[in-house]
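As structure tokens, the structure follows; a few thoughts come after it.
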Amino acid sequence: MEKKVAGTAGYGENAAQLATQYESIEFEALHHDVLHLFPTQPSAILDIGAGSGRDSAALARKGHAVTAIEPSKELREEGQRRHALLDIHWIDDHLPDLQVAKRLGRTFDLILLTAVWMHLEKQEREIAMQAIAGLLRPEGKVMMTLRHGPVPPGRQMFDVSPHETVELAAQSGLQARHLSERPDMFDRTDVRWSVVVLEKM
């Protein structure tokens, strides 16, 4: 029987290299098409799959209260080291259940999933969407990017359409606020991205 590849596979063993790659792109450049949808007042933000902490750090610098979830121990420690001077609450948790985040007893104005959602199987996405909706405040937003293209060796990814994502979100009381597509920031011609922003009704 073929062993199932975990969604975090390929990240821990390459943590330092991946962190350097992630940090090479500025927050404003990566999220340029949805910057106007980020909260302008100090807000509670949950960064799921925070990786090196690039987005968490940028948001913390803007005065937001940031909780960063990263299931890869190596990447989480890399992020904590790189952004040690910033007030970021790092936790070890993972999709689809987000059990640790739920136990915090908090809700958030914004939940960020950058290059994360495509690691989940269909059933996991259904569970995760409900969990995310439960952690979101009324009129809060979910921002996610979906990767399309060949799957790197040793990784688990699924080609998730933005339309499927919007339909799934509707079942949890979330509605589409923004949909767009963009090329890959690392100039990979066979990779493109969808940007999806959801809002709690």
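Summary of values
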read-out	value
Residue match in region 71-87 (condition: more than 21 Å from F27 (Cα to Cα) and among the aliphatic types (A, V, I, L, M))	no
Within region 172-201, considering residues that are within 20 Å of A133 (Cα to Cα) and assigned to a loop (DSSP other than H, G, I, E, B), the one modelled with the lowest pLDDT	M201
In region 160-171, the residues that are outside any loop (DSSP other than H, G, I, E, B), closer than 26 Å to I25 by Cα and either among the polar types (S, T, N, Q) or more than 17 Å from the chain's Cα centre (by Cα) (or both)	T165
Unmet requirement for M157, which otherwise passes all of (1) under 30 Å from T40 (Cβ atoms); (2) of a type in the set (A, V, I, L, M); (3) open to solvent by 20 Å² or more (accessible area, probe 1.4 Å); (4) in a loop (DSSP other than H, G, I, E, B)	(1)
Subset of region 99-155 that is among the aliphatic types (A, V, I, L, M) and more than 15 Å from the chain's Cα centre (by Cα) - its residue that is farthest from A169 (Cα to Cα)	V151
Sole residue being out of contact with any helix residue (DSSP H, G or I) (no Cβ under 8 Å at 6 or more places or on another chain) and open to solvent by less than 70 Å² (accessible area, probe 1.4 Å), chosen from P96, P39	P39
Residue pairs meeting the criteria (Cβ under 6 Å; at least 6 apart or on separate chains; first among the charged types (D, E, K, R) and in a strand (DSSP E or B), in region 46-68; second modelled with pLDDT of 95 or more and surrounded by 22 or more Cβ atoms within 10 Å (Cβ to Cβ))	D47/D55; D47/S56; D47/A68; D47/L112
Yes/no for A60 being within 16 Å of A101 (Cβ to Cβ) and over 14 Å from the mean Cα position of the chain (by Cα)	no
Those residues of region 179-200 which are in contact with a helix residue (DSSP H, G or I) (Cβ under 9 Å, 6 or more places away or on another chain) and surrounded by fewer than 16 Cβ atoms within 10 Å (Cβ to Cβ), in sequence order	L179, S180, E181, R182, M185, F186
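The values are calculated or read from the model by the stated rules, or taken from the named source; none is laboratory data. Just so it is clear, the model here is predicted, and its values are computed rather than measured. Note that each Cβ is placed from the backbone with ideal geometry, even for glycine, and that neighbours are counted across all protein chains shown. SASA here: full protein model, heavy atoms, side chains in, ligands and nucleic acids out. Shrake-Rupley method; radii C 1.70, N 1.55, O 1.52, S 1.80 Å.
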